[in-house]
Amino acid sequence: MNTTIIKSDIDIAIELLRNDEVVAIPTETVYGLAAKATSETAVKKVFEAKGRPLTNPLIVHTNSVEKIESFVQYIPEAAKVLLEKFSPGPITVLLPTNGILPSVINNGKKLLAFRIPSHPIALSVLEQLPFPLVAPSANRFTSISPTNAWHVFKDLEGRIPYILNGGSCDIGLESTVVGFENNAPVIYRQGAITTQQIKDVAGEVKINSNKGSQPSPGMTAHHYSPSTPLYVVDNIKNIASTYEAETTALLCFGQYNYKFPVAHQFMLSVERNLLEATRNFYKAMHYLDELNLKCIVAEKLPNIGLGIALNDRLKRAAHPFPSLAEPVIQ
Ligand code: TXA
Ligand code: MG
């Protein structure tokens, strides 16, 4: 593969997808690397373009619950309630596959992940196609998720033929992945729908520790990472004696640290608004990584609402794992 084209022509995307090609498409969460879910050849191309091991399952995207029903044995009541409330939107449900879709999607597991995106372009693509699409985030395995077409291009240029440009993603963080045990939701990946939102609808919710009998295979410890080493601190104000001013990039929430050059700092939200911070999060990571400094220091976000998912991403992005506020200068 040589050329990767970025354009907003939806017809080109549809034609390529029909022909088993891989196309990056915008969704409301992050850009997805889409391919025909009914074609093993097309699905394998996604794993290859991403450099992702086949053991990490992909999410199947459709535009309706009826279509999901045709690929599963049944939908638990709790899943129906969540789909009703949050779909189309940033929720992914794990359901028992009926075996119609190729097992390469989920590495032959019993459960298959489904999501109905709300982005009008993604929905329009899905409406025009007679098959569902697999779509992991459109980045190389373990690197930073993309929230605009340029982010995708940086990572996948030459590896995919087409990026359907739909501007910046509104939400900017992946969907929440939810499984079900005894008809109660279990969160496998924190995401854009908060635990509290799910609790409000479902009454109770468990968090999958990823250590039990049914871990989420894609939730590897080290993930979502910039190539610049990233450290997480409690308060960005107190780091001047630990990190060198000229060679450190800062991920800020509500406050800058004026002992460091402002051009090396990205403000997630000056008003400490977690929705705004979420929208800016991956953009900030891409920006700070491109500065090519010695390290990035990120301030931990308040551990409430969307802050829980953002802190989860920070922890996985941190270097070295587990996240430590390692001093760079002494
Ligand atoms: O917002 C999103 O979910 C984006 C957009 C493009 O839709 N997609 C996305 O896909 O983030 P991906 O492949 O980067 O992450 C999907 C995660 C996997 O890492 C894994 O943790 C979980 O969903 N997952 C998928 N299928 C699963 C399964 N059968 N069992 C358990 N976990 C699964
Ligand atoms: Mg991903």
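The figures follow:
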{"item": "Boolean, Val46 is more than 22 Å from Lys110 (Cα to Cα) and in contact (Cβ under 8 Å) with a residue 60 or more places away in the chain", "result": "no"}
{"item": "Selection count, the stretch 188-213, where residues are closer than 15 Å to Leu310 by Cα, among the β-branched types (Val, Ile, Thr) and either outside any helix (DSSP H, G or I) or not assigned by TED's automatic domain parsing to the domain that holds Pro90 (or both)", "result": "2"}
{"item": "Check on Ala149, of a type in the set (A, V, I, L, M) and touching an Asp or Glu at 6+ places or on another chain (Cβ under 9 Å)", "result": "no"}
{"item": "Residue pairs meeting the criteria (Cβ under 6 Å; at least 6 apart or on separate chains; first among the basic types (Lys, Arg), in the stretch 196-207; second modelled with pLDDT of 95 or more and in a strand (DSSP E or B))", "result": "Lys206/Val186"}
{"item": "Unmet requirement for Ser124, which otherwise passes all of (1) modelled with pLDDT under 95; (2) more than 25 Å from Tyr224 (Cβ to Cβ)", "result": "(1)"}
{"item": "Considering residues of the stretch 130-171 that are of a type in the set (S, T, N, Q) and part of a loop (DSSP other than H, G, I, E, B) only, the residue farthest from ligand 2 (Cβ to nearest atom)", "result": "Asn165"}
{"item": "Subset of the stretch 117-142 [within 9 Å of ligand 1 (Cβ to nearest atom) and of a type in the set (A, V, I, L, M)]", "result": "Ala122, Val134, Ala135, Ala138"}
{"item": "Hey, Thr55 away from ligand 1 (no atom under 12 Å from the Cβ), of a type in the set (Ser, Thr, Tyr) and in contact (Cβ under 8 Å) with a residue 60 or more places away in the chain or not", "result": "no"}
{"item": "Single residue of the stretch 1-36 satisfying the filter (assigned to a loop (DSSP other than H, G, I, E, B) and within 12 Å of ligand 1 (Cβ to nearest atom)) that is surrounded by the most Cβ atoms within 10 Å (Cβ to Cβ)", "result": "Tyr31"}
{"item": "Search result, residues across the stretch 74-85 that are surrounded by fewer than 12 Cβ atoms within 10 Å (Cβ to Cβ) and either of a type outside the set (D, E, K, R) or in contact with a Leu (Cβ under 9 Å, 6 or more places away or on another chain) (or both)", "result": "Tyr74"}
{"item": "Count of the stretch 89-124 residues which are touching a helix residue (DSSP H, G or I) at 6+ places or on another chain (Cβ under 7 Å) and assigned to a loop (DSSP other than H, G, I, E, B)", "result": "2"}
{"item": "Which listed residue, of Lys50, Lys45, is charged (D, E, K, R) and under 14 Å from the mean Cα position of the chain (by Cα)", "result": "Lys50"}
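Residue by residue, here is whether (1) within 26 Å of the chain's Cα centre (by Cα); (2) under 15 Å from Leu314 (Cβ atoms); (3) loosely packed, with under 15 Cβ neighbours inside 10 Å holds:
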| position | (1), (2), (3) |
| --- | --- |
| Ile236 | yes, yes, no |
| Thr247 | no, no, no |
| Asn257 | no, no, no |
| Glu271 | yes, no, yes |
| Phe281 | yes, yes, no |
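The values are calculated or read from the model by the stated rules, or taken from the named source; none is laboratory data. Since we're looking at a predicted model, the values are computed, not measured. Note: ideal-geometry Cβ built from the backbone for every residue, glycine included; neighbour counts use all protein chains shown.
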